[in-house]
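Trainee: Questions regarding the structure given below will be posed in turn.
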Amino acid sequence: MKATPKSDLFRLLPSIDELLRNPRLEALAQREGRNATLEAARASLEQLRADITAGKFDEAQVRFRLGDLQRDVEQRLQQSLACSLRAVINATGVILHTNLGRAPISHAALQHLSEISQGYSNLEFDLSTGERGKRDSHVARLFAKLLNSAEREVSTIVVNNNAAAVLLALNSLAEGGEVLVSRGELVEIGGSFRIPDVMAKSGAILREVGTTNRTRIADYERAITERTKLLLRVHRSNFRIIGFTEQPSLEELVALGRKHNIPVMEDLGSGEIFDLRNVGVRGEPMIADSLRAGVNLVTYSGDKLLGGPQAGIISGDRELMAKVRANPLFRAVRVDKMFYAALEATLLAYLREDYDSIPALRMMRISEEELARRSQQMAKHLSGKLAHLQIEVIESRSVLGGGAAPGSTLPTRVLAVKSASISADELCARLRQWQTPIIARVEDERVLLDLRTVQPEQEAEITTALQSILQ
């Protein structure tokens, strides 16, 4: 049979106007908006033209596609108008998973955020005097209770992330002057955040001291000149240097700063208030410990070990904090009412010592025995539904993530799933395409599901997904 010329196939296609005059698409345009519907209709027709040009269809196939064109437009429109930011189930065992949004927000924080964001609030209004107030007062009072000691009072401000906190502090205290940093602390974290680059943007001048693996307090002292404005300690939050190493203690650095009347600043990164030694993780510095050691200024994140919303937090001496607060750059990086609401509720949980209400801390505190029980229960259920599925509960390690406590892990039990019908990579990909995407990991040609980062109410969704995919 002679093939229909492509030019004749193109003539079968309706114009955009003809397509949009279809009653079904007219109703769609009224409901979802004419411009969005027009864009979807154009995309459907362009795809059909491209397929004809590529020789994929004969006349019968083109007519079949034309009969399905309205549904195709509807599907494209739904995809274009759907939110691309979606909730996922984190079954990786990485608690502060940077790519999955780091720390989940607590129910109390979400409730307070919703209450504050839906209406008006006293964000910058003093209810007692009826005059203008300061937005950071809502959390500064809570940080003071958590971080103040008998020796000193601490002031705190909040900005949009820790990179901004470091930038603001350096610009406020050391613009035009030198900042001494050990070569072993010139870190880079995710997203190309490099200490030397941030230093340059702040207007401060980087002065490297010591070597990559060994820096002594004498290296700092020899580098001090009349231009030195700040001594900076940067926590190596996402890597470790082991072996032939040396680093001065915070107390030594503080003593040197006092001797020369130079402030000491520490970028802690993760922001630990809860003592991780309670869950077997050591070596991660606590905010209060740094302040007790005499550090003048510390910067840290809100959405890592603190377990709250994304934020950069600066705590330190009142005089220095007054300089930071007076910097015009502060207004450019400050946060809004929703951040303050979520952070305030999170800090109140710390004051109540209600650590299990903070999701990230609750996940860290789950026992290996509890994880084994949950995993075995799910394995038993799946084995009964999918006889051909190879599934077992094995020992593994969960990771804190978020650049916190590098090398430190928590013992866990995971579901190891293997199917004879599809590969582990394919199964992992299909789980990501589930209606609520499920993010797992692959090891030794098996899909591993760590329930430490899975809420108990999400387990049924994982079971349903595996059954649907593998049946």
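Coordinate-derived values only; no laboratory data. Just so you know, these numbers come straight off a predicted model, no measurement behind them. So basically every Cβ, Gly included, is an ideal-geometry build from the backbone, and we count neighbours across all protein chains shown.
Trainee: May I ask you to sort 51, 126, 136, 17 by Cβ crowding, counting other Cβ atoms within 10 Å and putting the fewest first?
Mentor: If I rank by nearby Cβ atoms, fewest first, I get 17, 126, 51, 136.
Trainee: Does segment 151-280 classify as rounded, prolate or oblate by the C-alpha gyration tensor (a ≥ b ≥ c root eigenvalues; a/c under 1.5 gives rounded; else a/b over b/c gives prolate, otherwise oblate)? Could the numbers behind the result be given before it?
Mentor: Values: a/c = 1.25, a/b = 1.09, b/c = 1.15.
In terms of gyration-tensor shape, rounded.
Trainee: Using only the alpha carbons of segment 292-432, determine the length spanned along each of the three principal axes and report them from longest to shortest in whole angstroms.
Mentor: 68, 30, 29
Trainee: Would you mind finding the longest exposed-site-free stretch of the chain, with exposed trypsin sites (Lys or Arg not before Pro) meaning DSSP loop and at most 14 other Cβ atoms within 10 Å?
Mentor: Values: sites that count: 2, 21, 56, 86, 134, 152, 227, 240, 282, 352.
That would be 353-471.
Trainee: Considering the convex hull of the alpha carbon atoms of segment 6-81, report its projected area averaged over all viewing directions, in nm², one decimal. Intermediate results must be reported in sequence, preceding the final value.
Mentor: Numbers: hull surface 18.5 nm².
Result: a mean projected hull area of 4.6 nm².
Trainee: Let me know the Kirkwood hydrodynamic radius for segment 107-357, please, with Cα pairs as the basis and the value in Å to one decimal.
Mentor: Radius from the Kirkwood sum: 18.8 Å.
Trainee: Grab the other residues whose beta carbon is less than 14 angstrom from that of residue 278, score K and R as +1, D and E as -1, and report the net.
Mentor: -1
Trainee: Classify segment 157-209: rounded, prolate or oblate, from the alpha-carbon gyration tensor (a ≥ b ≥ c, eigenvalue square roots; a/c under 1.5 rounded; otherwise prolate if a/b is larger than b/c)?
Mentor: In terms of gyration-tensor shape, oblate.
Trainee: For residue 224, what is the net charge nearby, where nearby means another residue's Cβ is under 11 Å from its Cβ and Lys, Arg count +1, Asp, Glu -1?
Mentor: Working: positive: 207, 222, 227, 229, 259; negative: 178, 219, 221, 226.
Here the charged neighbours net out to +1.
Trainee: A further question on this structure: Residue 96's amide H: which non-local residues (gap 5+, or another chain) put their own amide H closer than 5 Å, with H modeled 1.01 Å from N in plane and none for Pro or chain starts?
Mentor: 401, 402
Trainee: For a footprinting-style exposure proxy, rank 395, 59 by other Cβ within 10 Å, fewest first.
Mentor: 395, 59
Trainee: Right, next: Which whole-Hz ³J(HN,Hα) couplings does segment 216-227 yield from phi under the Karplus relation 6.51 cos²θ - 1.76 cosθ + 1.60, θ = phi - 60°, glycine and proline marked x?
Mentor: Using θ = phi - 60°, the values come out as 10, 5, 5, 5, 5, 5, 5, 8, 6, 9, 5, 8 Hz.
Trainee: Then there's this: Under 10 Å from the Cβ of residue 446, count the other residues' Cβ atoms, weight Lys and Arg +1, Asp and Glu -1, and hand me the total.
Mentor: Charge balance near residue 446 sits at -2.
Trainee: For the chain, please report how many Lys pairs fall under 28 Å Cα to Cα, leaving out neighbours fewer than 8 apart on the same chain.
Mentor: The result is 22.
Trainee: Dipole of segment 107-357 (Lys/Arg Cβ +1, Asp/Glu Cβ -1, origin at the Cα centre): which of 342, 187, 127 lies farthest to the positive side?
Mentor: Of 342, 187, 127, it is 187.
Trainee: When you take every Cα atom in segment 359-471, what is the radius of gyration, and what is Dmax, the widest Cα pair distance, in Å?
Mentor: 13.8, 41
Trainee: Would you kindly state the longest site-free stretch of the chain, with sites defined as chymotrypsin sites (Phe, Trp or Tyr not before Pro) in a DSSP loop (not H, G, I, E, B) surrounded by at most 13 other Cβ atoms within 10 Å?
Mentor: With a cap of 13 other Cβ atoms within 10 Å, the longest stretch comes to 245-471.
Trainee: Now, a different point. How big is the dipole moment of segment 6-81 about its Cα centre under a simple scheme where the beta carbon of each Lys and Arg is +1, that of each Asp and Glu is -1, and everything else is neutral? Debye, nearest 20, please.
Mentor: 40 debye
Trainee: Moving on. Assigning unit charges at the beta carbon (Lys, Arg +1; Asp, Glu -1) and nothing else, what dipole magnitude in debye, to the nearest 20, does segment 145-191 show about its Cα centre?
Mentor: 160 debye
Trainee: When you take every Cα atom in segment 283-347, what is the radius of gyration, and what is Dmax, the widest Cα pair distance, in Å?
Mentor: 12.8, 36
Trainee: Further, regarding this structure: Please list, in order along segment 344-355, the HN-Hα scalar couplings obtained from phi with the Karplus expression 6.51 cos²θ - 1.76 cosθ + 1.60 (θ = phi - 60°), rounded to whole Hz, x for Gly and Pro.
Mentor: With the stated coefficients, segment 344-355 comes to 4, 5, 5, 5, 5, 5, 5, 5, 7, 6, 8, 5 Hz.
Trainee: Let me ask you something else. Just want the ordering: 313, 217, from fewest to most Cβ atoms lying within 10 Å of their own Cβ.
Mentor: Exposure proxy ranking, most exposed first: 217, 313.
Trainee: Quick one: what Rg and Dmax do you get for segment 1-149 from the alpha carbons, in Å?
Mentor: In order Rg, Dmax, the Cα atoms of segment 1-149 give 27.6, 91 Å.
Trainee: Let me ask something else about it. Could you give each residue of segment 194-208 its phi-based ³J(HN,Hα) in whole Hz, using Karplus coefficients 6.51, -1.76, 1.60 with θ = phi - 60°, and x for Gly or Pro?
Mentor: 10, 4, x, 5, 5, 4, 4, 5, 6, x, 8, 10, 6, 10, 7
Trainee: Can I ask one more? Once percent of Cα pairs over 36 Å apart is worked out from the coordinates, which option in (i) 44; (ii) 48; (iii) 34 does it equal?
Mentor: Here the calculated entry is (ii).
Trainee: Have a look at the DSSP beta bridges in the chain and tell me what percent are antiparallel, nearest 5.
Mentor: About 60 percent, rounded to the nearest 5.
Trainee: Once you sort the root eigenvalues of the Cα gyration tensor of segment 58-135 as a ≥ b ≥ c, which label holds: rounded (a/c under 1.5), prolate (a/b larger than b/c) or oblate (the other case)? Display every interim value, and only then the final one.
Mentor: Values: a/c = 5.44, a/b = 2.19, b/c = 2.49.
Taking the square roots of the gyration eigenvalues as a ≥ b ≥ c, segment 58-135 is oblate.
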